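Reading through the structure tokens given below for one structure.
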Amino acid sequence: MRLLFTLLALLFTANAQAVALPHSVQQELKKVGIPLNAVAVEVREVGKHGSLIALNTQRAMNPASTMKLVTTYAALDLLGPAYTWKTEAWLNGELKDGVLKGDLILKGYGDPKFTIEQFWLWLSELRARGLRDIQGDLILDRSFYDLPAHDPAEFDNDAVRAYNVGPDALLINFNTLRLRYIPNGNGLTVVTEPPLDGFMLYNRLAPNGGKVNCDNWDDLFQVQPLGDSVVLQGDYALECGEREQNLSVMPHTRYVGALFGAIWKELGGTIKGRERDGLVSANATLFSTHRSEPLSGIIRDINKYSNNVMARQLFLTLGSAINDPEEQNTSEQVSNKLGSMNIERSILTTQMWLMRNQLHFPELVLENGAGLSRKERITASHMAQLLQHASNHPLSAELEASLPILGVDGSVKKRLKKSPAASHAHLKTGTLTGVKTIAGYVRAKSGKEWIVVFFINHPYAQRGQDAQDALIEWVQQH
């Protein structure tokens with residue numbers, strides 16, 4: 001009974017100390033037509049009970065990309081910062097005098113960041129190991145993920161956007177092509193990277209000297225993938241200068257095949273066959289294994305630049321911890337013990353992890369762990385509770401360091417650059433149509449560290465950044 005009274009007293013004291021949403025924040029919301037019932041705000045001091053500000057904190061809301069905090073924190077705790085992914089090269093046939101009389105098989109285990117540079121180095125290693133001419137096919141074993149067919153246009157009907165790339169067990173270079181637009185006098189040159197074997201670009205853009213809003217420079221033209229080619233059609237505003245964009249213009253299998261073909265030729269190798277999906281055969285022999293960078297580096301890219309496909313790859317990897325959550329495995333140990341990874345397995349693993357850490361989030365809805373979803377939900381209170389729990393974790397520094405630094409880098413590089421709050425906050429952002437969110441840590445001039453969560457779910461949500469910034473500045477002064 002005494003314990004009950006003590007808990008009630010603490011709860012009363014915490015609630016008595018709560019303050020209203022700052023006037024500056026309310027004014028900014030009112031200015032852009034966002035009502036208070038469309039926002040949820042929680043501010044609490046790190047390591048303390050109760051909240052300084054709590055508004056609509058029990059309402060389940062769409063968190064957009066702040067959901068990546070759940071995925072990356074779970075990954076740090078379940079897998080550990082030194083976790084790595086592997087990709088294997090297998091030979092299905094006899095290798096003699098540099099000639100493989102058979103197929104080369106590449107098997108992936110979900111590496112979230114196998115870049116073009118790393119792929120080139122790995123293929124160079126295959127050449128150094130004595131492989132030169134491949135008489136058979138390039139077989140891509142993508143079976144480690146058991147996923148339904150991915151429709152890149154499903155989310156917003158914009159299939160070529162890099163953020164719509166689906167997860168894949170053999171994801172190379174994020175399955176994207178970089179197009180660099182370079183004005184040249186009254187003309188325009190378009191350069192593509194990386195090189196893709198058999199790929200053709202048809203530049204039919206008309207350079208335009210008229211006045212445009214360069215924030216939306218790519219709205220004036222269309223990118224149309226057609227098999228192994230891309231057609232650019234429309235106008236390009238020369239006054240916007242040099243620009244670039246990353247696009248997904250090929251299915252995973254064809255992209256890897258085209259990229260492999262271009263690099264392999266550059267390295268002096270040949271291949272007679274074609275790329276195709278398949279499995280590592282019983283008679284194949286392991287030739288080489290590529291190791292990814294560690295998880296600690298992966299989560300920095302995920303959180304600082306809000307990389308959706310990397311977050312989805314990481315979320316699928318969480319399923320590998322379902323059998324023994326206390327054991328931190330490498331991808332090699334995981335692949336030897338378990339079958340294919342799928343979304344259901346990862347959702348279950350995350351729910352079990354939360355329960356084991358006494359984080360009871362009954363409203364939580366997970367779809368892909370990246371926040372690129374109309375379905376995912378969490379309350380501001382539970383997002384703050386997650387950040388509070390993370391602040392007391394032995395790896396708290398790793399998680400906080402992965403978040404964008406206000407006014408310095410990542411998705412908040414351009415926010416409050418000249419404010420006293422600049423460099424004093426690590427914040428994850430989230431943006432979807434009708435959704436604008438922030439969640440993270442703010443260090444005040446008093447030396448206190450505060451947890452700040454600010455969700456906006458409203459048709460005018462994109463206008464709410466000034467209100468969020470006003471709250472950050474207010475907190476930084478306390």
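Assigned to a loop (DSSP other than H, G, I, E, B), surrounded by fewer than 23 Cβ atoms within 10 Å (Cβ to Cβ) and out of contact with any Lys or Arg (no Cβ under 8 Å at 6 or more places or on another chain): which single residue out of GLY407, GLY447 fits that description?
Being assigned to a loop (DSSP other than H, G, I, E, B), surrounded by fewer than 23 Cβ atoms within 10 Å (Cβ to Cβ) and out of contact with any Lys or Arg (no Cβ under 8 Å at 6 or more places or on another chain) holds for just one of GLY407, GLY447, which is GLY447.
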Any chance you could count how many residues in the range 334-384 are modelled with pLDDT of 95 or more, buried (at least 20 other Cβ atoms within 10 Å of the Cβ) and assigned to a helix (DSSP H, G or I)?
10
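Give the residue, chosen from ASP235, ASP197, ASP158, that is of a type in the set (Asp, Glu) and part of a strand (DSSP E or B).
Details: ASP197 fails: part of a strand (DSSP E or B); ASP158 fails: part of a strand (DSSP E or B).
Checking each option against the conditions leaves just ASP235.
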Over the range 192-234, the set of residues free of Cβ contacts under 8 Å to residues at least 12 places away in the same chain and under 22 Å from PRO251 (Cβ atoms) is GLN224, LEU226, GLY227
From the list LEU196, LEU238, which one is touching a Gly at 6+ places or on another chain (Cβ under 7 Å) and not assigned by TED's automatic domain parsing to the domain that holds LYS113?
LEU238
The range 189-210, subset of a type in the set (D, E, K, R) and within 29 Å of the chain's Cα centre (by Cα), residue surrounded by the most Cβ atoms within 10 Å (Cβ to Cβ):
ASP197
Has the range 172-185 got at least one residue that is touching a Cys at 6+ places or on another chain (Cβ under 8 Å) and either at negative phi or outside the structural domain of GLY110 (by TED's automatic domain parsing) (or both)?
no
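This table checks each residue for (1) in contact with a helix residue (DSSP H, G or I) (Cβ under 7 Å, 6 or more places away or on another chain); (2) under 23 Å from ASP133 (Cβ atoms).
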position	(1), (2)
PRO207	yes, no
ASN216	no, no
LEU232	no, no
TYR236	yes, no
GLU266	no, yes
VAL280	no, yes
Can you tell which of ASN186, ASN157, ASN213 is closer than 30 Å to GLY108 by Cα, out of contact with any Gly (no Cβ under 6 Å at 6 or more places or on another chain) and surrounded by fewer than 17 Cβ atoms within 10 Å (Cβ to Cβ)?
ASN157
Among (1) farther than 30 Å from LEU76 by Cβ; (2) under 27 Å from the mean Cα position of the chain (by Cα), there is one condition HIS290 misses while meeting the rest; what is its number?
(1)
Count - residues of the range 248-266 that are buried (at least 19 other Cβ atoms within 10 Å of the Cβ) and not in a helix (DSSP H, G or I):
3
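If only one of LEU399, LEU387 is buried (at least 20 other Cβ atoms within 10 Å of the Cβ), in the same structural domain as ARG59 (by TED's automatic domain parsing) and within 18 Å of ALA54 (Cα to Cα), which one is it?
From the options LEU399, LEU387, the qualifying one is LEU387.
Having 1 or more residues that are polar (S, T, N, Q) and over 27 Å from the mean Cα position of the chain (by Cα) is the bar; report the strands (runs of 3 or more DSSP E) wholly within the range 39-146 that clear it. Outline the logic, then answer.
Values: elements: 39-45, 53-55, 86-96, 99-108, 138-141.
Where strands (runs of 3 or more DSSP E) fall fully within the range 39-146 and carry at least 1 residues being polar (S, T, N, Q) and over 27 Å from the mean Cα position of the chain (by Cα), they are 86-96.
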Suppose we filter ALA82, ALA162, ALA89, ALA128 for residues that are small (Gly, Ala, Ser), crowded, with 18+ Cβ neighbours inside 10 Å and more than 30 Å from LEU232 (Cα to Cα); which single one remains?
ALA89
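The values are calculated or read from the model by the stated rules, or taken from the named source; none is laboratory data. Because the structure is predicted, anything quoted here is derived from the model rather than measured. Counting neighbours? That spans all protein chains shown, and the Cβs are built from the backbone with ideal geometry, glycine included.
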